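Have a look at the structure below before the remarks.
The values are calculated or read from the model by the stated rules, or taken from the named source; none is laboratory data. Predicted, not measured: the structure shown is a model, and the values here were computed from it. Every residue, glycine among them, receives a Cβ derived from its backbone with ideal geometry; neighbour counts consider all protein chains shown. Calculation scope for accessible area: heavy atoms of the full protein, side chains included, ligands and nucleic acids excluded. Shrake-Rupley method; radii C 1.70, N 1.55, O 1.52, S 1.80 Å.
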Amino acid sequence: MDVFKSFTEEERIYFSLKGLYEGFGYRQYRMRKFEEYSLYSENKNFLMSSDIITFSGRDGKLLALKPDVTLSIVKNTQAGTGRKLYYRESVYRTDGSGSFKEISQIGLEYLGDIDGYSQLEVLSLAAESLKAVGGGYVIDLSHMGVIEGVLSECGLTSCPDAVAQCIKARNVHDLAAVCLGCGIEEGVAKRLAKLLDTKGKYMVQLDALRSLFPNKKCLAAADELEALINGLKASGTGGSFRVEFSVLNDAMYYNGVIFHGYLEKFPRVVLSGGRYDNLVKKLSPLSGGMGFALYPDELGYYYDNQPQYDADILLLYTNDVPPEKVLQKAKELIGGGYTVRVAQSVPQGMRFGKIIKI
């Protein structure tokens, strides 16, 4: 019998990735469903939503159902040489309507000293994770040094929220006015708009960055992105990476490369990740971290996840048939690779490939 036949798409993807991750030395991490609320309240900018489900523990501490996996992993990582972990966990967040929902995540975290190789490994595994879903994919790469370099030309150390929203939406039309309202010089705003509007292959994007913002941080970011993409290409995993400067995260937690993953003909982000040394240094004794999460729940919009039948065979029996004969027949069919539902009558609302009467 095909073991994977009865799996959901999420289970199929997970077990494929489990072997991949473990092959690179990652170990499964399991966590409880809640943490102290203070962990999330003190790091709300890291979360996708500030809405958190809370409850009181018996000792009076305020607890929260976890809205994020990375925060819990980093907080509970001890000093040492670092850890390579993968997980399949649920988080609890609000959806577009404001209602809370349980969201499944599959991902990994590389904690410790992050060098050129470790970044290539994480990005390669992100690509392999999207490949496991099936079909074409693309990963958009950016670097937190880009926005830091742009802001440094205006004497700013953090990106105003309104400007960040324009960048993420690639809203070039309103960007200049929003930047001016936030203290960013007109010349810088125009160059930033031109950068976001640049189209072409990754070297075109990187050359535009070097030309428009030839400062130390932007040049270093361009060099690192170029080295990473060239390294991915040389290792056989670089054909589906591109540069996209609208990808942006909070500088309080993220530094270095950041990325979003997409599936072919599907507009929503199904994978996201990046380097978050700032978060690691804030919560643990380690020096850095990088990882990503795949969101299987999004994939329900990508393909039909429902099997054609509830079971391959409906095995119908009557009271005059000995129970052991019914069980023997069911085992015989299952041994032949079929899924079987045994009943005395046809269940309402269920579908079967064929019906066998005994």
Jot down the radius of gyration and Dmax of the range 114-257, Cα atoms only, both in angstrom.
15.5, 46
Gain in span if fully extended, residue 235 to residue 34, counting 0.36 nm per residue against the direct Cα distance:
68.4 nm
Given charges at beta-carbon only (K, R positive; D, E negative), |dipole| of the chain in Debye:
600
Take the Cα atoms of the range 77-176, build their convex hull, and give its volume per residue in Å³.
202
What stretch of the chain, leaving out the sites themselves, is the longest with no trypsin sites (Lys or Arg not before Pro) in a DSSP loop having at most 15 other Cβ atoms within 10 Å?
62-169
I'd like the Kirkwood hydrodynamic radius of the range 153-234, using the inverse of the mean 1/r over distinct C-alpha pairs, in Å.
13.6
For the range 264-358, give the percent of accessible area contributed by carbon and sulfur heavy atoms, probe 1.4 Å, rounded to a whole number.
49
Would you kindly derive the ³J(HN,Hα) couplings of the range 248-256 from the backbone phi angles with the Karplus curve 6.51 cos²θ - 1.76 cosθ + 1.60 (θ = phi - 60°), listing them in order in whole Hz, with x for Gly and Pro?
8, 10, 6, 5, 5, 10, 9, 8, x
Suppose each label sits 7 Å from its Cα in the direction of the beta carbon; what would the residue 172-residue 203 distance come out to in nanometres?
2.3
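Rounded to a whole number, what is D in µm²/s for the range 229-358 from Stokes-Einstein with the Kirkwood radius over alpha-carbon pairs (4 °C, 1.567 mPa s)?
On the way: Rh = 20.0 Å.
Answer, rounded: 65 µm²/s.
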So what does residue 41 come to for accessible area, using a 1.4 Å probe and Å² rounded to 10?
50
To check you understand DSSP bridge types, tell me what percent of the beta bridges within the chain (both residues inside) are antiparallel, rounded to 5.
75
Can you compute the label reach from residue 185? Point 7 Å from Cα along the Cβ direction, backbone N cut-off under 19 Å, restricted to the range 199-214.
209-214
Which sequence of 143, 173 reflects their accessible areas, 1.4 Å probe, from the largest down?
173, 143
Roughly how many Å is it from the Cα centre of the range 123-173 to that of the range 208-245, as a whole number?
12
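Taking 2.2 N^0.38 Å as the expected size of a compact globular protein, what ratio does the Cα radius of gyration of the range 204-298 give against it, to two decimals? Please list the in-between numbers first.
On the way: Rg = 14.8 Å, N = 95, 2.2 N^0.38 = 12.4 Å.
Ratio of Rg to 2.2 N^0.38 Å for the range 204-298: 1.19.
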Between 266, 292, 46, which gets the highest mean-square fluctuation from a Gaussian network model of the chain, Cα cutoff 10 Å?
266
Value of relative contact order over the range 261-358, rounded to a whole percent, pairs C-alpha under 8 Å and six or more apart:
26
I'd like the carbon and sulfur percentage of the solvent accessible area for the range 151-243, probe radius 1.4 Å, heavy atoms only, ligands and nucleic acids excluded.
53
The chain, Rg to Rh (Cα coordinates; Rh as Kirkwood inverse mean 1/r):
1.08
With every protein chain kept in place and ligands, DNA and RNA left out, what is the accessible area per residue of the chain? Probe 1.4 Å, answer in Å².
50
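Within the range 253-358, what percent of beta bridges assigned by DSSP are antiparallel, to the nearest 5? Intermediate values should be presented prior to the final figure.
Numbers: 9 of 18 bridges.
Expressed as a percentage, antiparallel bridges in the range 253-358 total about 50.
So if I take the alpha carbon set of the range 170-210, get Rg, then get Rh from the Kirkwood formula, what is the Rg over Rh ratio? List each step's numbers first, then the result.
On the way: Rg = 11.0 Å, Rh = 10.6 Å.
Checking Rg against Rh, the ratio lands at 1.04.
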With a Förster radius of 45 Å, plug the Cβ-Cβ distance of residue 309 and residue 90 into 1/(1 + (r/R0)^6) and report the FRET value to the nearest 0.05.
0.95
